[in-house]
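Structure first, then comments.
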Amino acid sequence: MKRIIISILLSVFCLTQLSAQPSRGKSTVRVINEPVKKRIDSLLKTLTDSGKTAGLSALIFENGKEAYFNAYGYADREAGVRMDRNTIVRIFSMTKPVTGVALMQLFEQGKFKLDDPLSKYAPEFTNMQVYKGVDANGKVLLEPAKRPITVRDITRHTAGFAEMDIPALAELVKKADAFNPNNTLAQMAAKLASVPLQFHPGDEWLYGPSVDVQAYLVERISGKPFDQYLQENIFNMLGMKNTHYIVPETDRKRFAALYFLGKDGKLSRVPDEQASSFYTQDHELKPGGWGLTSTLDDYTLFARMLVNGGSLGKALILKPETVRLMATNQLPDTLTKRSWLPGKGNVGFGIDFAVRVGPPKSREENHGITGEFYWDGAASTLFWVDPEHKLTAVLFTQLFPYDPIQLHKKFRDAVYGNYIP
C-alpha cells in the first residue's frame with residue numbers, strides 16, 4: 001500500500017510539473033522588456049559612437065507585436081545620412097533562406113522530392129567526378145562520385161561543391177568562372193558542374209554555392225526567371241516592397257555605404273564601384289545565395305511569416321509542416337566534418353538555416369533558444385526566429401570583414417541576458 005501511495009504522489013507531482021511547462025511557441029516568458037531595450041540601446045550606441053561600425057539598426061517582434069526598434073550612427077557617414085528603418089542594405093547570405101522558401105513552395109506542390117537526384121532536374125550534374133588529389137606531375141586525379149548529389153544535399157551544403165582551400169581545385173574554380181555576373185543561372189550551373197566535387201556527396205558539410213543551384217532549380221521547375229518567381233510568390237504576397245536585386249534609382253539615396261574595419265581599428269569606406277555596382281546594374285546573374293537588398297521592415301515581414309508557420313495576414317507562403325521541416329536539423333550524427341559550422345555554437349543545419357539543437361554549452365557561445373533557426377550575411381547582418389517566444393530579430397549594419405567585433409554575440413547577449421530556458 002505504501003508503495004502504491006508513493007507511486008500515486010509521484011505521478012501527480014510529475015503531471016503538475018509537466019502542466020507547468022510552457023509548450024513550444026506558447027511561452028509565457030516575455031523576452032523584451034524595458035531593461036532589455038536599454039541594454040540593446042547601450043550596445044548599439046556604444047559600437048557606433050566608438051567607430052567600430054558606421055551604423056546599426058535592429059527590429060524585434062514578439063508575439064506579433066513590435067517589441068523593439070532603434071537605429072544609431074550612419075548609413076552613409078561621409079554624406080551624413082543617418083541609419084534608420086528605411087535604410088536599404090546588402091543582405092548577402094540572408095538571401096539564402098528566401099531562396100530556400102521559394103524552393104520549398106515547389107516541394108509542397110509535389111514538383112520534386114528531397115532525396116531525388118539533382119540530375120533529374122538539372123542534367124548538368126549527372127555522373128559527377130570527385131577530387132582524389134594530384135599525381136607527381138600535378139595532374140588532378142579523379143574518381144566517380146559514390147552516389148548522386150540529391151536535392152537534400154544542396155539544401156544542407158553536403159553536395160561537395162569545391163571551394164578555394166585546395167589549390168588544384170581552386171584553380172579549376174577560377175577557370176570555370178561560374179559566378180561571373182554576365183552568366184545566366186543556367187550558364188552558372190553548367191560551369192559549376194564542370195568542376196570536380198571536393199568530396200563525395202553527403203560526406204561533409206561545406207558552405208558554398210548550393211543555394212545558387214537551388215535558384216536554378218526554382219527557375220527550371222517553375223519555368224519563370226528566378227527573380228520574377230521571388231517577386232510574384234514571396235515579395236508581393238508579403239508586401240516586401242523594398243527587397244530587390246537591383247536598387248531602384250529613386251531609392252539609391254537610402255542605399256547604405258559599405259565599410260571595412262582594418263586591423264588598426266580604423267573604419268574605411270569600401271569604394272562604391274566595388275560595393276554597389278552589382279546592385280545598381282541589371283546583370284544576367286540573379287544568385288540564390290546572395291545578391292538581395294532589403295530593409296529592416298521588409299526582412300522582418302519574411303521572418304514573421306516563418307515564426308507564424310508560413311503565413312502572415314492573408315499571405316500563405318508555406319505550410320506549417322514545411323517550415324518545421326526547414327527548421328529541423330538535416331545533418332546526421334555520422335557527418336563529423338562540418339567546416340566552421342561548429343563555431344556557430346550548438347547547432348546543426350536544416351534547409352537553408354542553422355538550427356539550434358541544444359542550449360549554449362558555455363557563456364562564450366552565442367545565446368540562443370533550442371529550436372531557433374537563423375542565418376546571417378557577409379556584411380555582418382543577422383536574423384533569427386525564436387519559436388519558443390514567437391520572437392523574430394533582425395540586425396542590420398554594413399561592415400566587413402564578417403562580424404569582426406563580435407556584434408552577433410553581443411546583440412544576442414543584450415536580448416537574452418543570462419536567460420537560458
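Quick look at the numbers
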item	result
Residue in the stretch 85-99 that is part of a loop (DSSP other than H, G, I, E, B) and free of Cβ contacts under 8 Å to residues at least 60 places away in the same chain present	no
Residue identified as over 20 Å from Pro342 (Cα atoms), out of contact with any Gly (no Cβ under 7 Å at 6 or more places or on another chain) and modelled with pLDDT of 95 or more among Thr381, Thr392	Thr392
Enumerated strands (runs of 3 or more DSSP E) restricted to the stretch 371-421, each holding at least 2 residues that are assigned by TED's automatic domain parsing to the domain that holds Val81 and in contact with a helix residue (DSSP H, G or I) (Cβ under 6 Å, 6 or more places away or on another chain)	382-386, 391-396
Residues located in the stretch 264-291, provided they are surrounded by 13 or more Cβ atoms within 10 Å (Cβ to Cβ), small (Gly, Ala, Ser) and on the phi < 0 side of the Ramachandran plot	Ala275, Ser276, Gly288, Gly289
Yes/no for Val130 being touching a Pro at 6+ places or on another chain (Cβ under 8 Å) and either of a type in the set (A, V, I, L, M) or over 22 Å from Leu301 (Cβ atoms) (or both)	yes
Number of positions in the stretch 260-312 that are more than 25 Å from Tyr216 (Cβ to Cβ) and polar (S, T, N, Q)	7
Residues within the stretch 200-215 that are within 15 Å of Phe92 (Cβ to Cβ) and among the hydroxyl-bearing types (Ser, Thr, Tyr), tallied	1
Residue ID - farthest from Phe400 (Cα to Cα), chosen from residues in the stretch 223-238 that are surrounded by 13 or more Cβ atoms within 10 Å (Cβ to Cβ) and not hydrophobic (A, V, I, L, M, F, W, C)	Lys224
Given (1) farther than 30 Å from Arg77 by Cβ; (2) touching a strand residue (DSSP E or B) at 6+ places or on another chain (Cβ under 6 Å), number of the condition Phe260 does not satisfy	(1)
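Here's the yes/no breakdown for (1) surrounded by 10 or more Cβ atoms within 10 Å (Cβ to Cβ); (2) modelled with pLDDT under 95:
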site: Leu9; (1), (2): yes, yes
site: Pro22; (1), (2): yes, yes
site: Gly80; (1), (2): no, no
site: Gln105; (1), (2): yes, no
site: Lys113; (1), (2): yes, no
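The values are calculated or read from the model by the stated rules, or taken from the named source; none is laboratory data. All values reported here derive from a predicted model rather than from experimental measurement. Counting neighbours? That spans all protein chains shown, and the Cβs are built from the backbone with ideal geometry, glycine included.
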